[in-house]
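Undergrad: The structure under discussion is supplied below as structure tokens; questions concerning it will follow.
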Amino acid sequence: MSRTILISGGTDGMGRAIALERLTRGDRVVAIGSNPAKGEQLTAAAGADADRLRFVRADLSSVAEVGRVVGEIGASYDAVDALLLFANRTMPKRVQTTEGFEHTFALYYLSRYLLSHQLAPLLVRAAQPVIVSIAGVGVQKGAVHWGDPHLTRGYSMVGAQLQAGRANDLLGVSLAEEHGDKIKVVLYHPGFTRSGDLSPLGFLTRAAIRALAAVAGRPVRESIRPLHDFIDNPPAEPLTAVDRGRTLDLSLPSLDPGNARRLARLTADLLAARA
């Protein structure tokens with residue numbers, strides 16, 4: 001069965017790897033990335049399967065760009081079987097997007113919120129649709145800064161990543177509550193993997209992460225292996241959370257339904273303020 005797979009962050013690391021593997025299985029793959037050179041490299045790596053690959057260049061930290069991508073996908077495809085959400089980039093210093101959002105919050109969380117909600121009409125047309133968000137479910141550190149989600153006070157790279165990670169946990173809860181009868185939602189933490197774009201980091205930090213990854217990081221192929229089953233045989237439950245192979249209890253504090261609804265309201269207010 002050929003599926004249509006949409007991948008945010010599809011030209012790097014795990015996103016790139018799963019894109020190529022799904023192509024070899026006969027699927028149609030839409031890979032979203034911000035770097036056209038990496039899009040060309042992905043197309044070259046796809047070889048004979050490149051006719052079923054579509055690269056969409058977009059800066060997903062931009063709300064407007066996400067809207068453009070959704071419109072382009074809607075005009076080209078009748079249904080989307082799987083939405084795989086990888087897009088993320090570490091930012092050593094605080095960066096504010098032109099639309100007024102803190103960059104990590106915008107790329108790592110808000111793009112996933114927008115893609116999931118705006119592509120829901122295409123997902124429900126598929127036979128067994130699934131959304132898989134690759135983040136840090138199971139991690140209990142960090143929290144949403146309800147009064148300062150843009151981290152204008154006391155920004156740190158780790159704090160920004162943790163906030164967006166906890167926001168993605170809550171997004172999964174909200175999506176399952178709203179769409180789980182038709183679209184299954186999987187929150188997946190692969191663990192420390194030899195993957196990701198380290199280019200925004202300084203030389204010493206990049207070197208340290210690469211050295212650690214060589215010793216303790218999981219190979220990309222190992223980390224993406226469970227994704228195939230999520231795509232081919234989505235769970236029966238509305239929401240599934242998996243941390244390094246272990247299915248989690250959904251009663252974790254980081255998956256609190258009340259906080260999920262609170263974040264949904266906050267996100268709607270932030271987007272409305274921008275409009």
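The values are calculated or read from the model by the stated rules, or taken from the named source; none is laboratory data. What you see is a predicted model; the values in this text were computed from it and never measured. Note that we place each Cβ from the backbone using ideal geometry, even for glycine, and neighbour counts take in every protein chain shown.
Undergrad: Condition first: surrounded by fewer than 22 Cβ atoms within 10 Å (Cβ to Cβ), in a helix (DSSP H, G or I) and out of contact with any strand residue (DSSP E or B) (no Cβ under 6 Å at 6 or more places or on another chain). Can you find one or more residues in the range 146-158 that meet it?
TA: yes
Undergrad: Among the candidates 106, 82, 58, 143, which residue alone is within 15 Å of the chain's Cα centre (by Cα) and closer than 23 Å to residue 242 by Cα?
TA: Every option except 82 fails the conditions.
Undergrad: Another question, then. Can residue 266 be described as in a loop (DSSP other than H, G, I, E, B) and either modelled with pLDDT under 95 or hydrophobic (A, V, I, L, M, F, W, C) (or both)?
TA: No; evaluated as a whole, the condition is false for this residue.
Undergrad: Tell me yes or no: at least one residue of the range 26-36 is at positive phi and at pLDDT 95 or above.
TA: Checking the range 26-36: at least one residue is at positive phi and at pLDDT 95 or above.
Undergrad: Looking at the range 73-80, is at least one residue free of Cβ contacts under 8 Å to residues at least 24 places away in the same chain, farther than 30 Å from residue 147 by Cβ and either among the small types (Gly, Ala, Ser) or surrounded by 23 or more Cβ atoms within 10 Å (Cβ to Cβ) (or both)?
TA: Looking through the range 73-80, at least one residue is free of Cβ contacts under 8 Å to residues at least 24 places away in the same chain, farther than 30 Å from residue 147 by Cβ and either among the small types (Gly, Ala, Ser) or surrounded by 23 or more Cβ atoms within 10 Å (Cβ to Cβ) (or both).
Undergrad: Test residue 220 against the stated conditions and say whether it is at pLDDT below 90 and within 19 Å of the chain's Cα centre (by Cα).
TA: yes
Undergrad: A further question follows. Quick one: which of 135, 126, 120, 106 is within 21 Å of residue 170 (Cα to Cα), crowded, with 17+ Cβ neighbours inside 10 Å, small (Gly, Ala, Ser) and in contact (Cβ under 8 Å) with a residue 60 or more places away in the chain?
TA: 120
Undergrad: Right, another one. Tell me, which residue of the range 159-185 that is basic (Lys, Arg) and not in a loop (DSSP other than H, G, I, E, B) is surrounded by the most Cβ atoms within 10 Å (Cβ to Cβ)?
TA: Result: 166.
Undergrad: Related question: Can you tell me which residues in the range 55-81 are within 18 Å of residue 13 (Cβ to Cβ), not aromatic (Phe, Trp, Tyr) and not in a loop (DSSP other than H, G, I, E, B)?
TA: 56, 57, listed by residue number.
Undergrad: Quick one: in the range 75-105, which of the residues that are of a type in the set (A, V, I, L, M, F, W, C) and out of contact with any strand residue (DSSP E or B) (no Cβ under 9 Å at 6 or more places or on another chain) is farthest from residue 123 (Cα to Cα)?
TA: 101
Undergrad: Return a yes/no flag: does the range 61-83 have any residue that is in contact with a Gly (Cβ under 9 Å, 6 or more places away or on another chain), at pLDDT 95 or above, closer than 21 Å to residue 98 by Cβ and not hydroxyl-bearing (Ser, Thr, Tyr).
TA: There is no residue in the range 61-83 that is in contact with a Gly (Cβ under 9 Å, 6 or more places away or on another chain), at pLDDT 95 or above, closer than 21 Å to residue 98 by Cβ and not hydroxyl-bearing (Ser, Thr, Tyr).
Undergrad: Among the residues of the range 6-54 satisfying the criterion of being assigned to a loop (DSSP other than H, G, I, E, B) and hydroxyl-bearing (Ser, Thr, Tyr), which is surrounded by the fewest Cβ atoms within 10 Å (Cβ to Cβ)?
TA: So, considering only residues that are assigned to a loop (DSSP other than H, G, I, E, B) and hydroxyl-bearing (Ser, Thr, Tyr), the one surrounded by the fewest Cβ atoms within 10 Å (Cβ to Cβ) is 34.
Undergrad: So, residue 172, is that one modelled with pLDDT of 95 or more, of a type outside the set (Val, Ile, Thr) and under 23 Å from residue 10 (Cα atoms) or not?
TA: So residue 172 fits the description; yes.
Undergrad: When you go through 226, 234 one by one, which is the residue that is at pLDDT 85 or above, in a helix (DSSP H, G or I) and over 30 Å from residue 99 (Cβ atoms)?
TA: 226
Undergrad: Does the range 91-101 contain at least one residue that is buried (at least 22 other Cβ atoms within 10 Å of the Cβ), within 17 Å of residue 181 (Cα to Cα) and not aliphatic (A, V, I, L, M)?
TA: No, the range 91-101 has no match at all.
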